[in-house]
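The structure appears right after this line, and notes come after that.
The values are calculated or read from the model by the stated rules, or taken from the named source; none is laboratory data. These numbers come from a predicted model, not from an experiment. Glycine also receives a Cβ, built like all others from the backbone with ideal geometry; neighbour counts cover every protein chain displayed.
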Amino acid sequence: MSGTLGVARTHLVTALRERVTLFWFLVFPVFLLVLLSAVFGRIGEQGGVQFEITVIDLDRGQPREFSDLVLGLFSEMAAPPQEGGEPLFLLTLPPADADPVRFLDEERRQLQRGGRAAVVVIPDGFSRAVTARLGGLASGTGDAADDAAKLRIHYSQGTVASEMAAAIIEQMLAGVDREILRRFGALDEERAIRTETTWVGGGDAETSYIDFLLPGIILMGFFTNGLFGIPGSILFARDRRVLRRYWVTPLGVPRYLLGLSIGHLALCALQFGLIFGIGRFALGASVSFRSPAAVAFLALAAATFTALGFLIASLARTGHAGMAIANVLNMPLMFLSGLFFPIAGLPAALVAIIRANPLTYLGEGLRAAVGVEAGTTSTLLLVGVPLLWIAVSSAIAVRKLRWDVAR
């Protein structure tokens with residue numbers, strides 16, 4: 001047993017002495033945690049997401065009832081919801097002496113540059129056209145009256161903030177449409193479809209981004225540790241013909257791998273303590289990992305990535321080849337797992353990678369275990385897919401792993 005613990009101690013001390021290891025396994029996860037929480041840390045908080053909206057009122061006729069209704073709604077959304085809070089919209093209106101056409105052109109350019117999330121135009125004659133249509137007076141007026149009764153929403157396609165703002169505005173205008181019908185007596189409240197909204201999986205309080213992010217960063221640390229640390233230790237030791245000396249000692253192959261695994265788990269424990277401490281005490285995370293389920297998923301993650309490291313070591317011929325394989329797998333598996341951001345609406349080819357990715361299941365399982373979000377995947381899959389990776393990787397490693405440079 002002393003020999004096994006000696007291998008574990010050697011692996012841990014060697015990893016902590018190397019500057020590259022310290023950066024990628026300890027410094028980089030902490031840096032990424034601080035950076036992402038600083039950039040996106042207000043997601044999920046009141047006022048944390050704001051959209052710069054421009055409303056241009058071109059309606060110069062009378063009456064102005066419905067133009068004022070639209071303007072009032074946007075002004076209400078641009079007002080702070082409560083004392084100390086921040087509004088959802090930052091509203092821009094044209095100056096009184098501005099040329100409407102030039103102002104609209106400038107705002108459209110701002111929209112293309114990302115300076116605006118949406119531009120809403122109230123056309124000339126809007127209120128009169130709406131009144132005519134609903135009052136049955138628009139027959140025979142042609143397409144011009146129909147165009148005047150339409151609000152125009154300009155947004156930047158492919159820009160997430162702009163598309164989100166457009167969706168919110170459309171929901172707002174659905175409420176305006178309902179109010180217009182009510183005023184004309186065309187809305188039958190008794191016959192309207194009623195809805196009931198229920199929040200699922202969020203608990204009483206909204207989940208902050210740092211609570212969502214922290215489990216993902218911890219898993220990322222474990223992942224990079226196993227992906228680079230394990231094969232690096234084995235392959236570079238083999239390249240230097242260090243491993244040959246182990247096999248002529250009473251230590252043996254199984255005890256060597258066991259000692260390497262223990263050292264890897266110890267390094268994961270150090271990673272967890274550092275990242276969790278900074279997340280809790282420096283960044284204000286409130287998530288707890290005390291539950292047995294959370295501890296089980298952390299242990300399962302460490303074991304899964306250890307086996308993945310053994311797999312890479314068994315497939316690579318040299319240490320540099322092992323690092324190349326690790327780099328090829330690193331980014332796709334990490335970012336197609338939902339560790340940093342929720343994943344939805346991706347192409348089918350990427351969905352296939354997500355479903356085969358053990359990080360996807362470990363991330364969802366760990367977040368469900370700590371109460372950050374309600375898991376939608378069965379426990380059988382959350383545990384079974386990582387266990388399958390462990391079994392397959394270990395089987396291949398036992399069969400393919402070579403302990404000497406000679407092939």
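When region 349-407 is examined, which residues are found to be within 18 Å of Leu333 (Cβ to Cβ), part of a helix (DSSP H, G or I), modelled with pLDDT of 85 or more and under 18 Å from the mean Cα position of the chain (by Cα)? Hits for region 349-407 are Pro358, Leu359, Thr360, Tyr361, Leu362, Gly363, Glu364, Gly365, Leu366, Arg367.
If a residue must be modelled with pLDDT of 70 or more, over 21 Å from the mean Cα position of the chain (by Cα) and not in a loop (DSSP other than H, G, I, E, B), how many such residues does region 143-162 contain? Let's see the steps before the verdict.
Going through region 143-162, the residues modelled with pLDDT of 70 or more turn out to be 150-157, 159, 161-162.
Applying the additional criterion that residues be over 21 Å from the mean Cα position of the chain (by Cα) yields 150-156.
Filter again for not in a loop (DSSP other than H, G, I, E, B), leaving 152-154.
Selection size over region 143-162: 3.
Condition check: at pLDDT 90 or above, assigned by TED's automatic domain parsing to the domain that holds Leu33, of a type in the set (Gly, Ala, Ser) and farther than 28 Å from Leu35 by Cα. Does Ala293 satisfy that? Criteria met by Ala293.
Within region 300-321, the set of residues being of a type outside the set (S, T, N, Q) and not in a helix (DSSP H, G or I) comprises Ala316, Arg317. Per the listing Gly114, Gly72, the residue uniquely at pLDDT below 80 and within 37 Å of the chain's Cα centre (by Cα) is Gly114. Taken over region 263-289, the residue count meeting the criterion of being outside any helix (DSSP H, G or I) and either closer than 17 Å to Leu362 by Cβ or at pLDDT 90 or above (or both) is 2.
Find all pairs meeting these conditions: Cβ atoms under 8 angstrom apart; at least six residues apart or on different chains; first residue within region 299-323 and under 23 Å from Thr360 (Cα atoms); second residue of a type in the set (S, T, N, Q) and buried (at least 24 other Cβ atoms within 10 Å of the Cβ). From residues that are under 23 Å from Thr360 (Cα atoms), the pairs are Phe305/Asn225.
In region 296-329, the residue that is farthest from Leu36 (Cα to Cα) out of those that are surrounded by fewer than 16 Cβ atoms within 10 Å (Cβ to Cβ) and among the polar types (S, T, N, Q) is Thr318.
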